[in-house]
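The values are calculated or read from the model by the stated rules, or taken from the named source; none is laboratory data. The structure displayed is predicted, hence computed values, not measured ones. All Cβ positions, glycine included, derive from the backbone under ideal geometry; neighbour counts span all protein chains shown.
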Amino acid sequence: MKRVISVLIMMLLLETSLLAADKTVTVALPVQADIGQPFLVSIRSGSSLQDVSVSWQGKDSQLTTDNGVFSVLLGTDLKNAKAGKSEIRVSAMVDGEFWEHRDEIKLVAHKYPRENLTVEVEKLTPPKSLSERIKKEAELGRAAIQTNTPGSAPMLPLLRPVPGSYTSVYGKSRYFNGQFKGRHGGVDMRAPVGTPVKAAASGKVVLTGDFWFAGKCVYIDHGAGLISFYCHMSKVSKSKGDDVGRGETIGLSGKSGRVTGPHLHFSLSWRGEFFDPAPLLK
């Protein structure tokens, strides 16, 4: 009987020591990513993980678990990302002890098309009387896309906000009346005025407005630094602070703001890094 008890105690001690020693954390991330294109990073472990965070492009986000997996959607913005190796850092408390993983992702250039657009002269260069309004709206937008609440990557693929085809893709060099005005930071989707616009994923509305450039618009925080942006709408049916579910109607499409016709502009960003949402809608 004593021998049996001793064996059981030894087995229990062995199992405990193995569990205590097994602090393996698995980090899944790409070796290479195209500039402007999204990618997923996921972290999992057999041990207890707390305070999980990811640092990328000089910014960070706190992650929460979804069925034992911590994940985040990341990307780079064409405006500031450069080809070459870029460091990514993942840290956590593993069974109460600090753990950190540093790695590199090779960023490679991606070719994007050019687009020529013709707009009304007053829409090309806003009058000076509107400068304070436009400045304030830009500040509100920048603050919204820097929203950084703990969370996890949303269910993929994301829900398509409107069913229409793309009329303009991400990354295009945009020339308004022959003048270069920057790169397209999202996708334009065909949508007749009055088409219901639906949330691509669940989240919380962090900003709505009727802006000179974006028209009637909605910003939704999905957690872990991910923000979706919907603009040029004819009606916004949500308010700041509202919780929205995946597929919930947030307004109606339109042609408000600086546009050449009715459509929905849809963008995604992580901590202000706007990347191509199209691959995530497939």
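For the criterion of being touching a Lys or Arg at 6+ places or on another chain (Cβ under 7 Å) and not assigned by TED's automatic domain parsing to the domain that holds Phe176, Glu97 fails.
Determine if the stretch 19-28 includes at least one residue that is modelled with pLDDT of 95 or more, within 22 Å of Thr147 (Cβ to Cβ) and surrounded by 12 or more Cβ atoms within 10 Å (Cβ to Cβ). So far as the stretch 19-28 goes, no, none of its residues is modelled with pLDDT of 95 or more, within 22 Å of Thr147 (Cβ to Cβ) and surrounded by 12 or more Cβ atoms within 10 Å (Cβ to Cβ). From the list Ser173, Ser165, Ser228, the one residue that fits, being closer than 26 Å to Ile35 by Cα, among the hydroxyl-bearing types (Ser, Thr, Tyr) and within 17 Å of the chain's Cα centre (by Cα), is Ser228. Looking at the stretch 234-247, which of its residues are touching a Ser or Thr at 6+ places or on another chain (Cβ under 8 Å) and surrounded by 15 or more Cβ atoms within 10 Å (Cβ to Cβ)? Within the stretch 234-247, Ser234, Val236, Ser237, Lys238, Val244, Arg246 qualify. Taking the numbered list (1) in contact with a helix residue (DSSP H, G or I) (Cβ under 9 Å, 6 or more places away or on another chain); (2) at pLDDT below 95 in turn, Gln37 passes all entries but (2).
Go through the residues of the stretch 121-134 one by one and say whether even a single one is outside the structural domain of Gly203 (by TED's automatic domain parsing), among the aliphatic types (A, V, I, L, M) and either touching a Gly at 6+ places or on another chain (Cβ under 7 Å) or surrounded by fewer than 14 Cβ atoms within 10 Å (Cβ to Cβ) (or both). First the steps, then the outcome.
If we filter the stretch 121-134 for residues that are outside the structural domain of Gly203 (by TED's automatic domain parsing), which is where we start, we get none.
No: the stretch 121-134 contains no residue that is outside the structural domain of Gly203 (by TED's automatic domain parsing), among the aliphatic types (A, V, I, L, M) and either touching a Gly at 6+ places or on another chain (Cβ under 7 Å) or surrounded by fewer than 14 Cβ atoms within 10 Å (Cβ to Cβ) (or both).
Within the stretch 257-280, restricting attention to residues that are of a type in the set (Ser, Thr, Tyr) and within 20 Å of Ala144 (Cα to Cα), the residue that is surrounded by the most Cβ atoms within 10 Å (Cβ to Cβ) is Ser269.
Restricting Gly194, Gly171 to residues that are crowded, with 16+ Cβ neighbours inside 10 Å, assigned to a loop (DSSP other than H, G, I, E, B), assigned by TED's automatic domain parsing to the domain that holds Leu252 and of a type outside the set (Val, Ile, Thr) narrows the list to Gly171.
Residue-by-condition table, conditions (1) free of Cβ contacts under 8 Å to residues at least 40 places away in the same chain; (2) under 24 Å from Leu140 (Cβ atoms); (3) in a loop (DSSP other than H, G, I, E, B); (4) not charged (D, E, K, R):
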{"residue": "Pro161", "(1), (2), (3), (4)": "no, yes, yes, yes"}
{"residue": "Ala200", "(1), (2), (3), (4)": "no, yes, yes, yes"}
{"residue": "Val218", "(1), (2), (3), (4)": "yes, yes, no, yes"}
{"residue": "His222", "(1), (2), (3), (4)": "no, yes, no, yes"}
{"residue": "Ile227", "(1), (2), (3), (4)": "no, yes, no, yes"}
{"residue": "Tyr230", "(1), (2), (3), (4)": "no, yes, no, yes"}
{"residue": "Lys240", "(1), (2), (3), (4)": "yes, yes, yes, no"}
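Within the stretch 24-56, the set of residues being in a loop (DSSP other than H, G, I, E, B) and under 14 Å from the mean Cα position of the chain (by Cα) comprises Gly36, Gln37, Pro38.
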